[in-house]
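Read the figures in this text as sums done on the coordinates, not as results from a lab. Being a predicted model, the structure only gives us computed values, none of them experimental. So basically every Cβ, Gly included, is an ideal-geometry build from the backbone, and we count neighbours across all protein chains shown.
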Amino acid sequence: MKDWRERKKGHAPRHWSGVLLLLFSACADAMSGAPPDAPAAPIQALLESAVHPRLRWGHFGDFQAFLRALYPAGGSRPLWLNEGRPVPQSSAVLACMRMADDQGLNGSDYDVDLLGGWIENLANGGAASSEEAAQFEVAMSLALMRYVSHLATGRVNPRSADFALDVAPKRLDLPALVQRLARESGPCEAIAELEPKLPLYRNLKAALPRYRGLIENYEASALALPPKLSPGDRHKEVQALRKRLVSLGFLPKEAFAQDPEVYTGDLVEAVERFQGRHGLASDGVIGKGTLEALNVPPAARLRQIRLGLERLRWLPEQFDGPFILVNIPSFHLYGYGEDHERPDVSMNVVVGQSSGGHNTPVFHSDMTYVVFRPYWNLPRAITVKEMLPGILRDPSYLARHNLEMVPSFGNGSQVYEPSLESLEMLSAGSLKLRQRPGPKNALGLVKFAFPNNDNIYLHSTPSVNLFQRARRDFSHGCIRVQDPVGLAEFVLKRQDEAWSPERIEEAMNGAQSRTVMLKQPLPVYIYYSTVLAEPDGTVEFFEDIYGLDRVLEQLLEKGFPYPL
């Protein structure tokens, strides 16, 4: 065996390697006691090529190692064939894979129609040739591996979609799982257990059939409304607007208006509900943003839901305790306690600007401490681009903005007065700017820290007026929270010492900075989904402010393989 492997690697002519492989596999079959119809040699040849000639996504280099483990070169009994015909379990497993579309996946990715016809032909026809038997055997196992893997961890590596999330802890022992499913009396029940257990996932998955149903009765013509339609206005397209809202489920079918061209009454209320579910100001005024959202067809919303389910597979299967989730497109923070059905705290946030390279990154970290009355150490880019020009024009700029110059490295106890020398040191980078604590500090009066490479954290802010806007991407990347006292109470209630709202406000308004280390690290997920669903079935859609939906769609359009 050792000698044969050496010849195959370099000493045998290239065109003889396949012949040697067939001869070796045939001998291995005889020695191993495998049944005569076990297509071991053709399977090995197919696995060696890593290309299946009949599947939609034929290249399977990403699953090659798993298939080799499932079909070792020494010979193995087929899982899906017996005497050249499909075993009953092949149809049972295929029935599970046909549920892919109901789980936010794409059944055509797993060739369910091809496999269904193949099973029928092999069951009704004569015994398959060894080559066809090998192709069918590998196709069934490969499709199942892809399906269960994608169901549990997603179709795309999150890092390739600009998500710094790790799915490695959720990866499956695919050869063992396929072996088990090939014998499982209830394979669909076993496969369903692989789906995320998060209520966020369950709620969104429940919306799939409803939006598929909306597609059937949807009139695709775009609404031709004026640039601004306010309550009480008259327009010939108002009746078409009413029909659109009925078709989308925001008005009952029996809704009737005495004057079909006047925008008023229940129609305004329906538009306000629609705006609230699409991340828009619920003022009843139909402007550019509302009109664009009204013209998005249900098929596009269905794609958003599928992308949302894909991203939820990148989160842990379930959380063992409390965690914080910040969803960037909805500009919202959710703090979940022991009950993950509904958040204990929920609040508006301000996130990084969608332009200028200030996007808030998507990642996971663990919150480890809270700082009351924090200093703000200004990033170098902000110092050079935004602060230094003002300081050079007017030395009093530092005092007016409560700024001071301290060494870039060290404990920052030495403060430098404005001078030509210190400004040169600031420009060179040996000094940095920091803003002293206080109500005008850019971080507000409390900072929630979780170590990460991008120096992102949650914090309060003196600019509270921005929380009232529907779209809230105004920061340089860090996340401003609307209710810092409520968030601090949620974060600190697991400490040994009691942290009441009154005590939190006292620490925020005290004379000194104070750092509180958390007894237990608190998981924080800075997340990105343009769709979320509530337990009551309410589905909310949001603008793709960073263009990450399109990034994910392009990755999915490329097909397989994807890096695992």
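Which FRET efficiency value, to the nearest 0.05, is calculated for Lys493 and Tyr369 with the Förster distance at 25 angstrom and r the Cβ-Cβ distance?
0.95
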In degrees, nearest 10, the alpha-carbon axis of helix 238-247 is tilted away from the dominant principal axis of the alpha carbons of the chain by 50
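If the limit is 24 Å between Cα atoms, which of Lys236/Lys288; Lys447/Lys493; Lys385/Lys440; Lys170/Lys205; Lys170/Lys519; Lys385/Lys432 go over it?
On the way: Lys236/Lys288 18 Å; Lys447/Lys493 16 Å; Lys385/Lys440 21 Å; Lys170/Lys205 20 Å; Lys170/Lys519 27 Å; Lys385/Lys432 13 Å.
Violating the 24 Å limit, Cα to Cα: Lys170/Lys519.
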Read-out Rg/Rh (Cα atoms, Kirkwood Rh), candidates (1) 0.99; (2) 1.02; (3) 1.08; calculated match is (3)
Give the angle, between 0 and 90 degrees and rounded to the nearest 10, that separates the Cα long axis of helix 130-153 from the longest principal axis of the Cα atoms of the chain. 20
Given axes a ≥ b ≥ c from the Cα gyration tensor, I'd like to know whether region 378-436 is rounded (a/c under 1.5), prolate (a/b larger than b/c) or oblate. rounded
Quick one: which of 518-527, 327-336 comes out on top by average Cβ neighbours within 10 Å, and what's the full order, highest first? 327-336, 518-527
